[in-house]
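A short worksheet on the structure shown next.
The values are calculated or read from the model by the stated rules, or taken from the named source; none is laboratory data. Note that the structure is predicted; figures quoted are calculated from it, not measured. Every residue, glycine as well, gets a Cβ built from its backbone with ideal geometry; the counts of neighbours run over all protein chains shown.
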Amino acid sequence: MADPIVEMKDVNKYFGSHHVLKDINLEVVPGEKIVVIGASGSGKSTLIRCVNGLEPFQGGRIVVDGHPLEPGNTSKTSRSLQAIRREVGMVFQQFNLFPHRTVLKNIMLAPMRVRKVGRNQAEETARRLLDRVGIGNQADKFPTQLSGGQQQRVAIARALAMDPRVMLFDEPTSALDPEMIGEVLDVMRELAAEGMTMMVVTHEMGFAREVADRVIYIHEGQIVEQGPPAEVFDNPQSERTKAFLSRVLKH
Amino acid sequence: MGNFQFDWQAMISSIPHLLEGIPYTLLISGVGLVFGFVLGIVFGLLSINPIRLLRWPAIAYIEVFRGTPVLVQVLFIFYGLPEVLGGPIDALTAGIAAIALNSGAYISEIVRGGVQSIDKGQREAGLSLGLSRLDTFRYVIWPQALRRMIPPLGNQAIVSIKDTSLFAVIGVGELVRQGQIYIATTFNALEVYLMVAILYLVITLTLSAILRGLERSGLVGQ
Ligand SMILES: Nc1ncnc2c1ncn2[C@@H]1O[C@H](COP(=O)(O)OP(=O)(O)OP(=O)(O)O)[C@@H](O)[C@H]1O
Ligand SMILES: [Mg+2]
C-alpha cells in the first residue's frame, strides 16, 4: 500500500474539559475516499477540521503530505499549517463563499495571493472549473444571486482552484434543499472518479455506499468501527453502529 | 410674556456672519474624523487582539475617551496640556484633537463590532484556502466589515459635527461662536440661534442624504 497522505496518530482533542476526540488513529492513502458517519456531536466535524488545522488538538500527531502538526503553537507547526492548507481543500456545510466578491473572484483569490498565479491565468482556471461544476454562465454573479446548490458548487470550484491533493467535505449537502443535493453529489462523484483523495462527513448513506472506499463510524469521539461500506452497512460488528444505522437508514 | 416680535430681518442678516463659522465647523469635524477613523481602526483592531498586552491599552483608551465629556477633553487639551508642554496650543488644533480622540474611541467600538459581526466561517474559508491571516483579514473580513460600518460611521460623523459646537468655549470661530459674537452686538438671540440650528441641520441632513444614497446603492450595509 502507498504511503499515507493523511496520518493521525493518537490524536486527542478537548474543548475545555470536554474530551471530543479520543485516541484517533487514522491513515488515508492517496486516492482513498473516506466517509465519516456518526451522530450529531460525535466529533465528525472536529475530526476533519483537525486535518487542516482549523482546530488545534492537545495530544498526538497529524502528518499531512509529510507536514507534521503537533499540539501547541510551535513555529514548526505554523509552517506546516501554511503548507497543509495549500494542499488541502475544504468545503463547508454553509458554503462560506465570500459575499462581497463575484463568483469568479471568489475562485481567483487564493491562487493569486497564495500561489502567485497571474490574473489572466487565474481567471482562465476559474472559468474552466466553473464549467466543470456546471455553472460556467454564473461567473460574474454574486454568491447570494445563486441557489444553494450552485453556491456549494462554486465552493467546490474555489477549493479545487488551489489544486489540492486532499479534499475535506463537512456535510456539504446538509444545508441544501432536497432537490439540490443531487447536483452537488454529482460533482463530488466526478471528483472521486478522477482520483481525488477525499474525507467526507455526510448523512447521505447512498453516496457513502457508492463512493467510499472506507466508512468510519464515530461515537463520542472514538472510531468505533471502520471498513468498506458493504461491511459497515450490511454487517456492522458493533452494537453502537447497528443502533446508529438502524436510526438513520429508517428514513 | 412680553410683546415679542420675531425679527425676520435680523435672522436673514445674521446669515453671512454665521457662514464664516461653517468652514471651521467642517474643518474641525472633517479633519478630526479622519484622524478619528485612523485611531478607530488601530485601537478597534487592538481591542480584539488575542494578545492581552496589546488589548489592554486599547480598551483603556476607548473607555477613557468614551466615558468623559468631549467638552472636558477639549478644555483639558486647550488649557491643561500647555502647562505640560510649556507652550500654548491653538484653539483649532485643540478642537481637532478633541474630535479625533473622542470620535476615535467610538469608532474603535464600531470597528470592533464590524469585524466581530463577520461570520467565523468567512475566516475559516480564507484560512482553509491557504491565505495568510493577514490576507484573510485584508481580502475577506475587512471589506465586509467596512460595509457594515458605514451606517454607524455616518452616525458618528453627525454626532462629531454637533460636538464641535461646544468648542465655542475655547474661542474657535465655528458656527456657535460666530452666533455668540453676532448676538453680542444685535441682541437677537432667538433669531440667531434659530439660524444656527438651521445651518447645523443643513449640514447633517446633507450628510444623512449622502449616506442613505450609499445604502440604497447597495454598496454598504447588510
Ligand atoms: N467551538 C466549540 N467549543 C466547545 N465545544 C465544541 C465546539 N465545537 C464543537 N464542540 C463540541 O464538540 C463535540 C463534537 O462536535 P462536532 O461539531 O465535531 O460534532 P459533529 O459530529 O460534527 O456533529 P454534527 O453532526 O452536529 O455536525 C460536540 O459535543 C460539540 O458540542
Ligand atoms: Mg458537524
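With a requirement of 3 or more residues that are within 18 Å of the chain's Cα centre (by Cα), the strands (runs of 3 or more DSSP E) lying completely within region A:189-251 that satisfy it span A:197-201, A:214-219. Among the residues of region A:69-93, those that are surrounded by 14 or more Cβ atoms within 10 Å (Cβ to Cβ) and more than 19 Å from the chain's Cα centre (by Cα) comprise A:Glu70, A:Pro71, A:Thr77. Checked against the criterion of being at negative phi and within 14 Å of another protein chain (Cβ to nearest Cβ), region B:96-113 contains not a single residue that satisfies it. Filtering region A:50-68 to residues that are more than 14 Å from chain B (Cβ to nearest Cβ) and assigned to a strand (DSSP E or B) leaves A:Gly59, A:Gly60, A:Arg61, A:Ile62, A:Val63, A:Pro68.
Scan region A:160-175 and give yes if some residue there is free of Cβ contacts under 8 Å to residues at least 60 places away in the same chain and within 14 Å of another protein chain (Cβ to nearest Cβ), otherwise no.
Applying the first criterion (free of Cβ contacts under 8 Å to residues at least 60 places away in the same chain) to region A:160-175 yields A:161, A:163, A:173.
Adding the requirement that they be within 14 Å of another protein chain (Cβ to nearest Cβ) leaves A:161, A:163.
Checking region A:160-175: at least one residue is free of Cβ contacts under 8 Å to residues at least 60 places away in the same chain and within 14 Å of another protein chain (Cβ to nearest Cβ).
Among the residues of region A:16-39, none qualifies, meaning not one is within 16 Å of ligand 1 (Cβ to nearest atom), within 14 Å of chain B (Cβ to nearest Cβ) and under 14 Å from the mean Cα position of the chain (by Cα). None of A:His67, A:His100 is within 26 Å of A:Ala122 (Cα to Cα) and either within 13 Å of ligand 1 (Cβ to nearest atom) or of a type outside the set (Ser, Thr, Tyr) (or both) except A:His100.
Given the condition more than 12 Å from chain B (Cβ to nearest Cβ) and among the small types (Gly, Ala, Ser), answer yes or no: does some residue in region A:89-98 qualify? Write out each step before concluding.
Restricting attention to region A:89-98, the residues satisfying the condition of being more than 12 Å from chain B (Cβ to nearest Cβ) are none.
No, region A:89-98 contains no residue that is more than 12 Å from chain B (Cβ to nearest Cβ) and among the small types (Gly, Ala, Ser).
Which condition breaks for A:Asn96 when tested against (1) out of contact with any Leu (no Cβ under 9 Å at 6 or more places or on another chain); (2) surrounded by fewer than 16 Cβ atoms within 10 Å (Cβ to Cβ)? Only one criterion is unmet by A:Asn96, namely (2).
Test B:Gln178 against the criterion of being buried (at least 16 other Cβ atoms within 10 Å of the Cβ), in contact (Cβ under 8 Å) with a residue 60 or more places away in the chain and not acidic (Asp, Glu), and give yes or no.
Values: buried (at least 16 other Cβ atoms within 10 Å of the Cβ): yes; in contact (Cβ under 8 Å) with a residue 60 or more places away in the chain: yes; not acidic (Asp, Glu): yes.
Spelling it out, B:Gln178 is indeed buried (at least 16 other Cβ atoms within 10 Å of the Cβ), in contact (Cβ under 8 Å) with a residue 60 or more places away in the chain and not acidic (Asp, Glu).
In this structure, is A:Gly118 at positive phi and either over 13 Å from the mean Cα position of the chain (by Cα) or within 16 Å of ligand 2 (Cβ to nearest atom) (or both)? Considered against the rule, which asks whether it is at positive phi and either over 13 Å from the mean Cα position of the chain (by Cα) or within 16 Å of ligand 2 (Cβ to nearest atom) (or both), A:Gly118 comes out as no. Residues considered: A:Gly72, A:Gly31, A:Gly16. Of these, the only one that is on the phi > 0 side of the Ramachandran plot, in contact with a strand residue (DSSP E or B) (Cβ under 9 Å, 6 or more places away or on another chain) and away from ligand 2 (no atom under 16 Å from the Cβ) is A:Gly31.
Looking only at region B:114-144, filter to residues that are of a type in the set (Gly, Ala, Ser) and within 10 Å of another protein chain (Cβ to nearest Cβ); which one of those is surrounded by the most Cβ atoms within 10 Å (Cβ to Cβ)? If you could, list the steps in order and put the result at the bottom.
Step one: list which residues in region B:114-144 are of a type in the set (Gly, Ala, Ser), which gives B:114, B:117, B:121, B:125-126, B:128, B:130, B:132.
If we keep only those that are within 10 Å of another protein chain (Cβ to nearest Cβ) too, we end up with B:121, B:125-126, B:128, B:130, B:132.
Numbers: B:Gly121: 15, B:Ala125: 26, B:Gly126: 25, B:Ser128: 28, B:Gly130: 25, B:Ser132: 14.
Looking at the filtered set, the residue picked out is B:Ser128.
There is at least one residue in region A:72-91 that is among the hydrophobic types (A, V, I, L, M, F, W, C) and within 16 Å of ligand 1 (Cβ to nearest atom).
In this structure, A:Glu55 qualifies as among the acidic types (Asp, Glu), at negative phi and within 16 Å of ligand 1 (Cβ to nearest atom). Just so you know, in region B:163-210 the residues that are touching a Gly at 6+ places or on another chain (Cβ under 9 Å), not acidic (Asp, Glu) and not in a helix (DSSP H, G or I) include one that is modelled with the lowest pLDDT, and it is B:Gly173.
A single member of B:Ala184, B:Ala168, B:Ala209 is under 17 Å from the mean Cα position of the chain (by Cα) and hydrophobic (A, V, I, L, M, F, W, C), and it is B:Ala168. Considering only region A:27-42, I want to know if a residue exists there that is at pLDDT 95 or above, in a strand (DSSP E or B) and surrounded by fewer than 20 Cβ atoms within 10 Å (Cβ to Cβ). Yes; the residues of region A:27-42 include at least one that is at pLDDT 95 or above, in a strand (DSSP E or B) and surrounded by fewer than 20 Cβ atoms within 10 Å (Cβ to Cβ).
For region A:171-204, a residue qualifies if it is surrounded by fewer than 22 Cβ atoms within 10 Å (Cβ to Cβ) and within 16 Å of ligand 2 (Cβ to nearest atom), and the qualifying residues are A:Glu171, A:Ser174, A:Ala175, A:Leu176, A:His203, A:Glu204.
In this structure, is B:Ala60 hydrophobic (A, V, I, L, M, F, W, C) and either within 17 Å of the chain's Cα centre (by Cα) or within 14 Å of chain A (Cβ to nearest Cβ) (or both)?
Considered against the rule, which asks whether it is hydrophobic (A, V, I, L, M, F, W, C) and either within 17 Å of the chain's Cα centre (by Cα) or within 14 Å of chain A (Cβ to nearest Cβ) (or both), B:Ala60 comes out as no.
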